[in-house]
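Taken together, the values in this text are just the output of simple stated rules run on the coordinates, not laboratory data. The model shown is predicted, which means the values in this text are computed figures rather than measured ones. Glycine gets a Cβ as well: all are built from the backbone with ideal geometry, and neighbour counts include every protein chain shown.
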Amino acid sequence: MSSPLSSARSGRRTAAAPVGGRRAAREAAARHARRGRPAPGTPRHGRDRRRHRLLSKVGTGALGLVLFAGTGGALAYSDIQGNVDRQDISALLGDRPTGGAEAAPIDAKAGKALNLLVLGSDSRAGANDDHSGVDGMRADTTMIVHVSADRSRVEVVSIPRDALVDIPSCRLPNGTETRAANGAMFNSAFSIGGQTGDVGAAAACTIRTVENLTGVFIDDFVVVDFAGFISVVDALGGVPMNVDQNINDRQADLYLTAGCQVLDGHNALGFARVRKSVGDGSDISRIGRQQELVAAIAREALGKNLLTDLPALYQFLDAATSTLTTGPEVGQIPVLAGLANSLRGIDPASIAFATMPFDWAGARVRPAAEAADLWDALAADLAIEGTLSGTGEAPVPATPSSPADEGTETPSAPADDGAVSAAPEPTTPACTR
């Protein structure tokens, strides 16, 4: 079985002229090793042992097995791993919450809950240049993605970018430290940490702010920029979305007619970013649309049998990792492989979306007292009450007899008294292709 890269790579290789003697044999063996092939004349049992060692390095995930199944598999693995900008930010995080000192789990050790901070960067550098003249980098979207220890649930909690929070002092790569700020806009933590242009430092400052706010240990992080988001959606062949109103927004470069349609990467990005011309124009309203879009992407990814379609798998992974910045653990392809493999059969109804409960503070918001219940649930690996599920509809209330709920109280949405809200706005029905 050949790798999706084998035919593409063959045109880049040049055949070496034959030479004699032991030196020639060594060189031939080295060439075959680089190409992932056993040298001619190697005993079959010797080939099997080497292949087994290679597979064991990749881990137990089905994705790793697929990537190494063909003769060009190692090249595919190397290319995809090379896409990911992995950064070790441990030296920048300082004092942290207790109870999560271990690194993010490789899924061969499933049984530990995982909290990932997913950040959408609005940096206009490089491939993201939209000629707007906007400098610097901010966190356009921030979500805590909680994966339960038994891998039966995924909870996604959005933190409003306009929330007023305390931002602790953050260490920068140049050895300096920033000043702590009280009552600052949440998304400024990313720009404060990223003032030297380092995405890892921007993520580290945001993690410190999130941990200070929630008391939840963040195992690792993922930063996706505009170009990366577009690539992911396009690699899936677009995402079906039900647009509930006509959108004509020059700032987001988005022009859509109401109704069910398939959004390509460009329009999906615009849908995630559009704000002032849709709904009430608030960031809270936009969070609701972003969650609907992420739910649609999850349904589309789960609905495609990528693990058995090698060309589609490679295209998706190559796109998904092309502009990704992560921590040192989750950015490893074997770790991603194990996690993806254990979540491959998850029911979309078991994916819950929620927004941090808040109180209005003029045009901004502040964390509400009820937010503490949500953070406690995440820290204890308990199911939360979301406002949207991965099906695109409101979630079905959990039954009291559920094992995860025994002896505990599931955080409930605050009463609708006009001051506190956990739900951005009612969702529109999901649609399919």
Check: Which residues' amide hydrogens lie under 5 Å from the amide hydrogen of Cys260, considering only partners 5 or more residues apart or on another chain, with H built in the peptide plane?
Finding: Val243
Check: Residue-wise, which Karplus ³J(HN,Hα) couplings in Hz belong to region 368-379, taking 6.51 cos²θ - 1.76 cosθ + 1.60, θ = phi - 60°, and x for glycine or proline?
Finding: 7, 4, 5, 4, 4, 5, 5, 5, 4, 5, 5, 5
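What FRET efficiency comes out for Asp85 versus Val145 if R0 is 25 angstrom and r is the Cβ-Cβ distance? Round to the nearest 0.05. Could you put the intermediate results ahead of the total?
Numbers: r = 19 Å, r/R0 = 0.77.
That pair, Asp85 with Val145, gives E of 0.85.
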Margin query: At R0 = 35 Å, how high is the FRET efficiency between Asp166 and Gln245 if r is their beta carbon distance? Nearest 0.05 is fine.
Written below: 0.40
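Within a Cβ distance under 13 Å of Leu302, other residues only, what is the Lys/Arg minus Asp/Glu net charge?
Working: positive: Arg299, Lys304, Arg344; negative: Glu300, Asp347.
Local charge sum for Leu302: +1.
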Check: What order, most packed first, do the peptides 227-236, 82-91, 295-304 have when packing is the mean number of other Cβ atoms within 10 Å of each residue?
Finding: 227-236, 295-304, 82-91
